[in-house]
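The values are calculated or read from the model by the stated rules, or taken from the named source; none is laboratory data. Keep in mind that this is a model prediction, so the values were computed, not measured. Note that each Cβ is placed from the backbone with ideal geometry, even for glycine, and that neighbours are counted across all protein chains shown.
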Amino acid sequence: MRPFPPPTKADLAAARNRIIPDVLPAPGTALVLFSGINPSLYSGATGLHFARPGNRFWPALHRSGFTDRLLSPAEQHLIAGRGLGITNLVQRATARADELTPEELRAGGARLAALVAEHRPRWLAVAGVTAYRTAFGHPRAQIGPQDETFGPARLWILPNPSGLNASWSLDRIANEFARLRQAATPD
């Protein structure tokens, strides 16, 4: 059940360049900090991460075992208590990630580095390999765990959960999230 009506076309247009707040656990308590590329207009209009219908972040988070039930975007605040957080490489909302410039992605990478240094998650999980490659200058990076660390955090590249990423099914995305969960919570 939706706690709010879906945004109108006018709401979506007004959401361009809007910034939505990060969802962060207390510094030093973060198990995994998930970083999207940037908010969609739908997320910008609602103020909620991964809010667009068809985005597979929340179902993948649940199917992987990070949450005991499927959370709606409106329940995003509940993940901080599980040691999980959400941020974005670039904070401004756009219709498509390809509207972002390489300079914006690199600047977002620097902001993300400062956030990781402050909150010290065990893992940073970047959802979007192409954006990661551009932001951090690793043109050959692949989905999965990375050999290098990101400040104090281990690094995992996840597939982009957007419905526009048709080359990855929900099952494949959830399996990659599950691999991360198993690495992050080995007990």
Looking at Thr94, Thr87, Thr67 in this structure, which one is at pLDDT 95 or above and over 26 Å from Arg179 (Cβ atoms)? Thr94
What are the pairs, 6+ residues apart or on separate chains, where a residue within region 84-106 that is in contact (Cβ under 8 Å) with a residue 12 or more places away in the chain and β-branched (Val, Ile, Thr) has its Cβ under 7 Å from a residue that is buried (at least 22 other Cβ atoms within 10 Å of the Cβ) and in a loop (DSSP other than H, G, I, E, B)? Ile86/His49; Val90/Ile37; Val90/Asn38; Thr94/Asn38
Quick one: Asn160 ticks every box in (1) more than 16 Å from Phe57 (Cβ to Cβ); (2) modelled with pLDDT under 95; (3) within 16 Å of the chain's Cα centre (by Cα); (4) not hydroxyl-bearing (Ser, Thr, Tyr) bar one, so which box is it? (1)
So, first residue without any contact (Cβ under 8 Å) to a residue 60 or more places away in the chain in region 23-47, second residue of a type in the set (D, E, K, R) and part of a loop (DSSP other than H, G, I, E, B), Cβ within less than 6 Å, six or more apart or across chains; the pairs are Tyr42/Arg52; Gly44/Arg18
Collect the residues in region 49-95 that are among the aliphatic types (A, V, I, L, M) and crowded, with 20+ Cβ neighbours inside 10 Å, keeping them in residue-number order. Ala51, Ala60, Leu61, Ile79, Leu84, Ile86, Leu89, Val90, Ala93
Across region 133-154, which residue is surrounded by the most Cβ atoms within 10 Å (Cβ to Cβ) among those that are within 13 Å of Leu89 (Cβ to Cβ) and touching a Leu at 6+ places or on another chain (Cβ under 7 Å)? Ala135
On the given criteria, is Leu180 crowded, with 19+ Cβ neighbours inside 10 Å and assigned to a helix (DSSP H, G or I)? yes
